[in-house]
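Just below is one structure, and these are the notes that go with it.
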Amino acid sequence: MVRFGLTVVRHGETRYNKEKILQGQGVDEPLSATGFRQADAAGSFLSNVKFTHVFSSDLLRAKQTAAAILGKNRFCKDMEIKYDARLRERKYGVAEGRPLADLKAMAKDAGEQCPSFTPSGGETLDEVRERAKDFFEFLCRLAVELEQKEHGKPGAPGRSSGTSGEQFVFPWTNHCSEAEMSSEGGRSSTVLDANILVVSHGAYMRNWIGYFVSDLNCTLPENLTKSQLSSVSPNTGVSHFIIKLENGNLLKPKITCVCLNQDSHLVDVGAECVASKVF
């Protein structure tokens, strides 16, 4: 069985986030001073996690966040960040660079509601989901290939043999859900074939997680409310998942959400931690 960890982080705050102006893909704003502090705080929160791969949207706010997180990491300071356009924010077309209120007005004029409304030149939610699905399937193939390579080495027991789980240290009390612990036992639940960090964007992440839940039946924390599930992550909010592929089957991944939009690391940053629905 292939098993990998997936940690997804939203980028830090930009000036446009604070001013409630849509960025999408066409406005490539850098992080604000607050955004850099948030990214550093996320990096400190994840500093003891040994990632095997790091991917980021190729938009500046995500790239700067990913670099700041790695800069605080005990193990991954020199790891290459791979930039992928599939992780970009949803494209908002003519609404990019304009206040969120304008998008809501466009939607109202069209007899629709946000976020399902698609402005002229923008991406539909289905198109965003297709990007997210394509990227996730790429990650699954990557994890399978890693596991196969490990087992193919002469005399190598492989990561999944139970000898290397200790290298994946998470900032949560236990990165495994109670269901996993009871079904597999604590020892085997600590072993991962890969541990992947992804830095992306609010609307994209909400859509991606929606795909996990509605299409792939992702198991959610028991205390998670519907409003929390549908909310946009706060800047540098952290979500963590464990993905299992029985017999390397890419078609039926079993996904467990350990935490969603975790933001405890922002308490001392002095920034507003409530999720702002500005992308």
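The values are calculated or read from the model by the stated rules, or taken from the named source; none is laboratory data. Everything numeric here is computed off the predicted structure, so don't read it as measured data. Neighbour counts run over all protein chains shown; Cβ positions are idealised from the backbone, glycine included. Each accessible area value is taken on the protein alone, full model and side chains, heavy atoms only, with ligands, DNA and RNA left out. Shrake-Rupley method; radii C 1.70, N 1.55, O 1.52, S 1.80 Å.
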Quick check on GLY155: is it modelled with pLDDT under 90, outside any helix (DSSP H, G or I) and at positive phi?
yes
Would you check if there is a residue in region 268-278 being closer than 24 Å to GLU89 by Cβ, at pLDDT 95 or above and open to solvent by less than 20 Å² (accessible area, probe 1.4 Å)?
no
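Within region 212-224, can you find the residues that are open to solvent by less than 50 Å² (accessible area, probe 1.4 Å) and modelled with pLDDT under 95? I'd like the intermediate steps shown before the answer.
Going residue by residue through region 212-224, those that are open to solvent by less than 50 Å² (accessible area, probe 1.4 Å) are 212-213, 216, 218, 221, 224.
Result: PRO221, LEU224.
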Those residues of region 225-236 which are open to solvent by less than 20 Å² (accessible area, probe 1.4 Å) and more than 18 Å from ALA66 (Cα to Cα) amount to VAL232
So LEU31 fits all but one of (1) farther than 18 Å from ILE196 by Cβ; (2) open to solvent by 40 Å² or more (accessible area, probe 1.4 Å); what number is the exception?
(2)
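Any residue in region 40-56 that is among the polar types (S, T, N, Q) and either surrounded by fewer than 16 Cβ atoms within 10 Å (Cβ to Cβ) or farther than 25 Å from LEU146 by Cβ (or both)?
Taking region 40-56 as the starting set, the residues that turn out to be among the polar types (S, T, N, Q) are 44, 47-48, 52, 56.
Cutting the leftovers down to either surrounded by fewer than 16 Cβ atoms within 10 Å (Cβ to Cβ) or farther than 25 Å from LEU146 by Cβ (or both) gives us 44, 48.
For region 40-56, residues among the polar types (S, T, N, Q) and either surrounded by fewer than 16 Cβ atoms within 10 Å (Cβ to Cβ) or farther than 25 Å from LEU146 by Cβ (or both): present.
Yes or no: GLY185 modelled with pLDDT of 85 or more and open to solvent by less than 30 Å² (accessible area, probe 1.4 Å)?
Working: modelled with pLDDT of 85 or more: no; open to solvent by less than 30 Å² (accessible area, probe 1.4 Å): yes.
For GLY185, the condition - modelled with pLDDT of 85 or more and open to solvent by less than 30 Å² (accessible area, probe 1.4 Å) - is not met.
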Please go through (1) under 15 Å from the mean Cα position of the chain (by Cα); (2) open to solvent by 40 Å² or more (accessible area, probe 1.4 Å) for GLY26 and return the number of the only condition it doesn't satisfy.
(1)
Condition check: part of a helix (DSSP H, G or I) and in contact with a His (Cβ under 7 Å, 6 or more places away or on another chain). Does ARG61 satisfy that?
yes
Residue by residue through region 29-58, note down the ones that are in contact (Cβ under 8 Å) with a residue 24 or more places away in the chain and assigned to a loop (DSSP other than H, G, I, E, B).
GLU29, PRO30, LEU46, SER47, ASN48, LYS50, PHE51, THR52, SER57, ASP58
Collect the residues in region 231-262 that are within 20 Å of GLY202 (Cβ to Cβ) and part of a loop (DSSP other than H, G, I, E, B), keeping them in residue-number order.
SER231, VAL232, SER233, PRO234, ASN235, THR236, GLY237
Yes or no: ALA95 among the small types (Gly, Ala, Ser), within 19 Å of ALA194 (Cβ to Cβ) and open to solvent by less than 40 Å² (accessible area, probe 1.4 Å)?
no
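Conditions (1) farther than 25 Å from SER231 by Cα; (2) in a loop (DSSP other than H, G, I, E, B); (3) open to solvent by less than 70 Å² (accessible area, probe 1.4 Å); (4) without any contact (Cβ under 8 Å) to a residue 24 or more places away in the chain, marked per residue:
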site: GLN113; (1), (2), (3), (4): no, yes, no, yes
site: ASP126; (1), (2), (3), (4): no, no, no, yes
site: ARG131; (1), (2), (3), (4): no, no, yes, no
site: ARG141; (1), (2), (3), (4): yes, no, no, no
site: VAL144; (1), (2), (3), (4): yes, no, yes, no
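Given the structure, is SER239 open to solvent by less than 10 Å² (accessible area, probe 1.4 Å), modelled with pLDDT of 90 or more and within 23 Å of ALA66 (Cα to Cα)?
On the way: open to solvent by less than 10 Å² (accessible area, probe 1.4 Å): yes; modelled with pLDDT of 90 or more: yes; within 23 Å of ALA66 (Cα to Cα): yes.
So SER239 fits the description; yes.
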Scanning region 60-73 for residues that are touching a Leu at 6+ places or on another chain (Cβ under 9 Å) and open to solvent by 10 Å² or more (accessible area, probe 1.4 Å), the one farthest from ASP84 (Cα to Cα) turns out to be LYS72
Looking only at region 242-256, count every residue that is more than 30 Å from VAL269 (Cβ to Cβ) and surrounded by fewer than 21 Cβ atoms within 10 Å (Cβ to Cβ) and tell me the total.
9
